[in-house]
Amino acid sequence: MAVYVTGDTHRDFSRFQEDAFPDGPNLSKDDYMLICGDFGGVWDGSPEEEGLLDWLDAQPFTTLFVSGNHENYSRLASYPQEQWRGGLTSVVRPSIRLLRRGQLFELDGKRFFTMGGASSREIPILERADPMFAVRRKWHEYRKNVYWIRGETWWPEELPSEAEYRTARDTLDAAGWKVDYIVTHCAPTFIQNLFDLKEAQATGSYLVNGLTDFLEEVAQKATFDCWFFGHYHGNYVIENRYVLLYDNIIRLTAETSDKT
Ligand SMILES: [Fe+2]
């Protein structure tokens, strides 16, 4: 069994093609590709998207992801939930699973705590029910502003609910706040604050929020070997054990399963 980790895919799974990921053909469904949020493969439900999910499901490995901020939460909620390897998942395809928030999974003898989500609320969010919707949209388009529409391209579920925070704390309490790996989309506040915030000043997407503060609490209280996250679109190791992933794929465990 091997566990691989990568960053935001945004529905582009070309990094898993054989020429980009030569380990692929040697893997089995007992090997895992873990995506640190912004999976993006559950978005508009188009035939193209269904085909992409079918292609991913047909790959030799099992795909796992935590949620990011660029996900269609209405559609994600429509998939059946299933307890799997110690934690709660949503089953998108037989071998594509969302690892839900505040869960602890055992993979290859290691314990993975998962807490997806990130804030993009500082980007203007329009509501179709707003009588000024058309005017506001026209104004943002004229200014070439990025904007999102509630329930169509943005969902409040991008940040955890109070129940999910409670679940996360209960899970960590039960584990004695001791895990092997932590997998999230955004980073704890003190790590996020290390990034160049030029982009944040333009988009506001990297501001401190309740989730980054919660993750900071986890960083202070939990014992863990390594923390993987995405969101900031880069590949860096920070303070030895905080690993930002974007398009890089890293292998956590050395052994691969024997298909024969
Ligand atoms: Fe992203």
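Numbers for the structure displayed
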read-out: Cα centroid separation - segment 129-185 against segment 1-31, whole Å; value: 26 Å
read-out: Inverse mean reciprocal Cα-Cα distance (Kirkwood Rh) of the chain, Å; value: 18.9 Å
read-out: Low-density loop positions, chymotrypsin sites (Phe, Trp or Tyr not before Pro), segment 1-71 - DSSP coil, at most 12 other Cβ in 10 Å; value: none
read-out: Rounded tilt (10° steps) of 162-174 against the dominant C-alpha axis of the chain; value: 20 degrees
read-out: Lysine pairs within the chain, Cα separation less than 26 Å, 8 or more sequence positions apart or different chains; value: 7
read-out: Segment 44-134, Cα convex hull volume normalised per residue, Å³; value: 129 Å³
read-out: Computed label-point distance, nm, for sites residue 169 and residue 83 using a 7 Å Cα→Cβ extension; value: 2.4 nm
read-out: Additional length obtainable on full extension of the chain from residue 247 to residue 19, 0.36 nm per residue less Cα span; value: 80.6 nm
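Taken together, the values in this text are just the output of simple stated rules run on the coordinates, not laboratory data. Note that the structure is predicted; figures quoted are calculated from it, not measured. We place every Cβ from the backbone using ideal geometry, glycine too, and count neighbours over all the protein chains shown.
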